[in-house]
Amino acid sequence: MVRVEQLGKQVISPEGPLIILDDINFSIACGESVAVVGASGSGKSTLLGLLAGLDTPTHGRVWLAETDLGRLDEDGRARLRAQRVGFVFQSFQLLTGLTALENVMLPLELAGQSDAARQALELLERVGLQARARHYPGQLSGGEQQRVAIARAFAGDPDLLFADEPTGNLDQNTGHRIIELLFALNHEHGATLILVTHDPELAAYCDRVLELDGGRLRPESR
């Protein structure tokens, strides 16, 4: 599902080139769950952005679902994400002017689904929020907002799901319930899951762990 070869990212600072990622190589099979871990500033979020085609590398190549992202322009990468990818963000990224139902419906409507409302309501029911479908994000707790975000991420049945610190803004008990929900839904849908986390409990749920250290990938321990 994902293949990375000699991936690197540099940015220019007043002191000169700053290496964010250097010579990253790995592959992820369809259906795998992989955690990307490392200290703050190790390049985790940058790597996630490169894998999703939200950013472009300084050098190296990324294949997503057998498509070379380097051969696509920005619009092409956006189309690929819309067709194959879902996202769960630490800060939820819900649209505050839309209800929970409308937030989950949005990617379905953009994909041209004629029964977007039915599918969205089914997803909200699956995450235990059918009764909150007409509520706005500001009327929901942090855990409820993240459940809406997870339902939205699985709308359209993506082949690949990215999660960036999905429990980072939640208390421990709520975070544990979100972890269980995320992996239960992922198992049902059979999507490949790539997540960035500081949470060892969350990383332990995954099939593999990739650890970044100073922009380089450490040898895998499992």
For every other residue with a beta carbon closer than 15 angstrom to the beta carbon of Leu185, add +1 if it is Lys or Arg and -1 if Asp or Glu, then tell me the sum.
-2
How big is the Cα convex hull of the chain in projection, averaged over all directions, in nm²?
12.6
Can you tally the net charge around Thr99? Count Lys and Arg as +1, Asp and Glu as -1, for every other residue whose Cβ sits under 13 Å from the Cβ of Thr99.
+1
Selection of GluC sites (Glu not before Pro), the stretch 46-103, meeting DSSP coil and at most 16 other Cβ within 10 Å
Glu66
In debye, nearest 20, what is the charge dipole magnitude of the stretch 53-133 about its Cα centre with +1 on Lys and Arg Cβ and -1 on Asp and Glu Cβ, if you could check?
160
Sum -39500 (n - 2.57) across every DSSP H segment of at least 4 residues in the chain, then divide by the residue count to get the 222 nm mean residue ellipticity, nearest 500.
-10500 deg cm²/dmol
Show me the trypsin sites (Lys or Arg not before Pro) within the stretch 132-168 that DSSP assigns to loop and that have at most 12 other Cβ atoms within 10 Å of their Cβ.
Arg134
Averaged per residue, what accessible surface does the chain expose to a 1.4 Å probe, in Å²?
49
Which far-off residues, 5 or more places away or on another chain, put their amide H under 5 Å from the one on Gly86, with H placed in the peptide plane?
Leu160, Leu161, Phe162
Pop out the ³J(HN,Hα) list for the stretch 209-214 in order, Karplus 6.51 cos²θ - 1.76 cosθ + 1.60 with θ = phi - 60°, rounded to Hz; leave Gly and Pro as x.
10, 9, 10, 9, 9, x
Once normalised by the length of the stretch 120-209, the mean sequence separation of its alpha carbon contacts under 8 Å that are 6 or more apart gives a contact order in percent of 28
Based on the alpha-carbon set only, what is the convex hull volume of the stretch 128-222 divided per residue, in Å³?
120
Dipole-positive endmost among Val209, Gly156, Gly112 within the chain (Cβ charges, Cα centre)
Gly112
Roughly speaking, to the nearest percent, how much of the chain's 1.4 Å accessible area is carbon and sulfur?
47
As an exercise, find the ratio Rg/Rh for the stretch 1-41 from alpha-carbon atoms, using the Kirkwood inverse-distance average for Rh.
1.10
The alpha-carbon center of the stretch 67-116 and that of the stretch 174-222 are separated, in whole Å, by 21
Looking at the chain, send over the antiparallel percent of its DSSP beta bridges, to the nearest 5.
50
Label the stretch 8-135 by shape, choosing from rounded, prolate and oblate, from the square roots a ≥ b ≥ c of the eigenvalues of the Cα gyration tensor; if a/c is under 1.5 it is rounded, and otherwise prolate applies when a/b is larger than b/c, oblate when it is not.
prolate
Add +1 for every Lys or Arg and -1 for every Asp or Glu among the other residues with Cβ under 12 Å from the Cβ of Leu108, and state the total.
-3
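The values are calculated or read from the model by the stated rules, or taken from the named source; none is laboratory data. Computed from a prediction, not measured in an experiment: that's the story for all the values here. No Cβ is skipped: glycine too gets one built from the backbone with ideal geometry, and neighbour counts run over all protein chains shown. Accessible surface areas use protein heavy atoms only, side chains included; no ligands, DNA or RNA. Shrake-Rupley method; radii C 1.70, N 1.55, O 1.52, S 1.80 Å.
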